[in-house]
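Colleague: Quick one: the structure is below, and I'll ask about it shortly.
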């Protein structure tokens, strides 16, 4: 049988940064609150969580990079909301945020969790910020906890050799 790593994500250990785009604040504040609640619910102390606001989704990558570069955080959770309009602006902002956050993740070897909604309508965004579709901020925080736990388990394997 193969070895399986399934570490518990609820040990409450770790330091987390949540970088939040204020644009579409009606949505992003609910996502932020969901993420904070999920971290607390899994035992993470509020002293181990920093929340950093930026103007919008476009600015998420630079703030995430600076936070990751500090070496203080086990993971960075990026929260934003981009809603399609009648111009191509949506495509540029969504693409820039996505590729920028991905580069931070890969360049710095720090988990950067993508909690950015990209929706066609405000109704879709509202559904994903705590109504019918759940709260994607909660999901992002749980993904951060799980990723940190998996990386710690992998690091422990390396130390066994």
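Colleague: Looking at the range 1-41 only, could you name the residues that are in contact (Cβ under 8 Å) with a residue 24 or more places away in the chain, surrounded by 15 or more Cβ atoms within 10 Å (Cβ to Cβ) and assigned to a helix (DSSP H, G or I)?
Modeller: 27, 28, 30, 31, 32, 33, 34, 35, 36, 38, 39
Colleague: In the range 52-79, which residues are in a helix (DSSP H, G or I) and buried (at least 16 other Cβ atoms within 10 Å of the Cβ)?
Modeller: Of everything in the range 52-79, those that are in a helix (DSSP H, G or I) and buried (at least 16 other Cβ atoms within 10 Å of the Cβ) turn out to be 57, 58, 59, 60, 61, 63, 64, 65, 67, 68.
Colleague: Here's a check for you: in the range 85-104, which residue that is crowded, with 19+ Cβ neighbours inside 10 Å and free of Cβ contacts under 8 Å to residues at least 40 places away in the same chain is nearest to the chain's Cα centre (by Cα)?
Modeller: Restricting to residues being crowded, with 19+ Cβ neighbours inside 10 Å and free of Cβ contacts under 8 Å to residues at least 40 places away in the same chain, the top hit is 94.
Colleague: Can you name the number of the only condition in (1) closer than 20 Å to residue 147 by Cα; (2) in contact with a helix residue (DSSP H, G or I) (Cβ under 6 Å, 6 or more places away or on another chain); (3) modelled with pLDDT of 95 or more that residue 70 fails?
Modeller: (2)
Colleague: Would you confirm whether or not the range 76-93 contains a residue that is on the phi > 0 side of the Ramachandran plot and modelled with pLDDT under 95?
Modeller: Looking for residues that are on the phi > 0 side of the Ramachandran plot and modelled with pLDDT under 95, one finds none in the range 76-93, hence no.
Colleague: If you don't mind, there's one more thing I want to ask. Here are some residues: 49, 44, 82. Which one is surrounded by 21 or more Cβ atoms within 10 Å (Cβ to Cβ) and over 17 Å from residue 27 (Cα atoms)?
Modeller: 44
The values are calculated or read from the model by the stated rules, or taken from the named source; none is laboratory data. Remember, predicted model here, so these are calculated numbers, not experimental data. A quick note on method: Cβ atoms are made from the backbone with ideal geometry, for glycine too, and the neighbour counts reach across all protein chains shown.
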